[in-house]
Structure formats: C-alpha cells, structure tokens
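Chemist: To start, I am sharing the structure in question, which I have written as structure tokens.
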Amino acid sequence: MSSSRIEQIIEEIEEYVESCRYQPLSTTKIIVNKEELEELLRELRLKTPDEIKRYQKIIGNKDAILADAQSKADALVAQAQEEAQHLVSETEIMKAAYAQAQDTVNEANRQAEEILSSANAEAEQVRSSAIGYTDSLLENISAIMGNTLAEVGQRYDEFSSSLQSYYDLVNQNRSELAPMNSGSVHSMQDEADDDMDIDVE
C-alpha cells in the first residue's frame, strides 16, 4: 500500500519537531514556529476525512466481493442443474444420469460454499486492515494533539505565574510609595494656602 498524505504529514511533523532547537538549559523542551506547526496540523485536519472516506470505501468493497461470489455460485448451480436436466432426459441412462446430475449439483454447491467462504474471509481481512490502519492514523493524530495541548498548557501556566509575580511587585512598590505620596499632597496644600494669604493682603 502506497504512503498516504496523512502519513506524509505526520512524518513532516516528526521531522519538524526533530529539527527544532531546545530551549536554553533544557533537554526536553523545544522552541517551535507556531505558524508552521499550525499549517501542518491544518492540512492534517483537512486530509483526515478524505483518508477515512477512502478506507470506508475499501470496507464497502466487502459487499461487492460477496455479490460477485454469490453470482459465480449461482451460475455454477444453474449450470449444474441444466446439465442434470439434460442427463435425466436421456431415457436409456435415466438412473445413471440422475445420479451423475445429483453429484454435479452437490459438487457445484460445494464449490459455491468454498467461493463464499473465501470471499467472506477476504472481505473481513480487507475490513480489519482498513480499520486497523485508520485507527493507527487517528492514534498518531491524537498523540500529536495531546503533546501540543500539554506544551501549550505548560507555557500558559509559566506565563500566568510570571505575570502574577510582576503584578505583586507593582502592588508592593505602590504600597511602599504610599506614605511619600501622602506627604507630598500635604506640602502642596500648605503652599496653596500661603499663596491665598498673600493675595488677600
């Protein structure tokens, strides 16, 4: 089976992840280009329904395989019955013809059962392979998305923690400046009162 576009995209994502640089002082965290990774994931998301439809079509071929097998089996039985009828019509060898005709019908039924059995096994194998392959693709997609979500969550937590630290520091600085700001307000008020006294004189 040739490589599907989904397999190619997954390989591209794996190669891209392998090519990313590690974060400073880390051997597990990497730096990724968000737009490039999102583009690969977007294409993966678009291609997934097409791949699933493709394998659903393969599974649907089971009915075609069974219908073809049934058609061949019916043709064998009809041919055997026709031969049996022809043999029975010969009066001189009626008994032998009947026995031979019965054997022919039995053999045709046996071959028909073998064809149906083989067709069922082939159809089931095709269905199992298609389902297994599709499940494997979805598992890879799920793993990639799970890792991406985990990394995004970790980055968000780090950003939130950093922002909280800056917020606390700003409030602490304002608290330390509060007495100084209060004294400056009183001094400015006193100067304003002096100016008013001079205007009155």
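The values are calculated or read from the model by the stated rules, or taken from the named source; none is laboratory data. Source: prediction; values computed, not measured. Note: ideal-geometry Cβ built from the backbone for every residue, glycine included; neighbour counts use all protein chains shown. With ligands, DNA and RNA removed, areas are computed over all heavy atoms of the protein, side chains included. Shrake-Rupley method; radii C 1.70, N 1.55, O 1.52, S 1.80 Å.
Chemist: Given the residues SER162, SER175, which is the only one that is of a type in the set (Ser, Thr, Tyr), modelled with pLDDT of 80 or more, assigned to a helix (DSSP H, G or I) and loosely packed, with under 10 Cβ neighbours inside 10 Å?
Modeler: SER175
Chemist: Right, next: Name the pairs whose Cβ atoms lie under 6 Å apart, with the first residue in the range 111-137 and farther than 22 Å from LYS72 by Cα, the second among the hydrophobic types (A, V, I, L, M, F, W, C) and open to solvent by 70 Å² or more (accessible area, probe 1.4 Å), and 6 or more positions between them or separate chains?
Modeler: none
Chemist: Can you pull out every residue in the range 146-159 that is open to solvent by less than 80 Å² (accessible area, probe 1.4 Å) and within 30 Å of ARG54 (Cα to Cα)?
Modeler: GLY146, THR148
Chemist: In the range 32-71, what residues are open to solvent by less than 70 Å² (accessible area, probe 1.4 Å) and closer than 18 Å to VAL152 by Cα?
Modeler: Correct list: VAL32, LEU37, LEU40, LEU41.
Chemist: So, in the range 85-99, of the ones that are at pLDDT below 75 and of a type in the set (A, V, I, L, M, F, W, C), which residue ends up least open to solvent (accessible area, probe 1.4 Å)?
Modeler: ALA97
Chemist: Going by the structure shown, is ALA75 under 21 Å from ALA130 (Cα atoms), modelled with pLDDT of 75 or more and among the aliphatic types (A, V, I, L, M)?
Modeler: It is false that ALA75 is under 21 Å from ALA130 (Cα atoms), modelled with pLDDT of 75 or more and among the aliphatic types (A, V, I, L, M).
Chemist: Give the residue that is farthest from SER117 (Cα to Cα), with candidates limited to residues of the range 15-67 that are modelled with pLDDT of 80 or more and of a type in the set (Asp, Glu).
Modeler: GLU35
Chemist: When ALA119 is evaluated against the numbered criteria (1) open to solvent by 50 Å² or more (accessible area, probe 1.4 Å); (2) at pLDDT 90 or above, which criterion, by number, is the only one it fails?
Modeler: That leaves (1) as the condition not met.
Chemist: Turning to a different aspect of this structure: Could you tell me which numbered condition VAL126 fails, if it satisfies all but one of (1) touching a helix residue (DSSP H, G or I) at 6+ places or on another chain (Cβ under 7 Å); (2) open to solvent by 60 Å² or more (accessible area, probe 1.4 Å)?
Modeler: Result: VAL126 passes all but (2).
Chemist: Suppose the filter is farther than 21 Å from TYR133 by Cα and in a helix (DSSP H, G or I); does GLU35 pass it?
Modeler: It is true that GLU35 is farther than 21 Å from TYR133 by Cα and in a helix (DSSP H, G or I).
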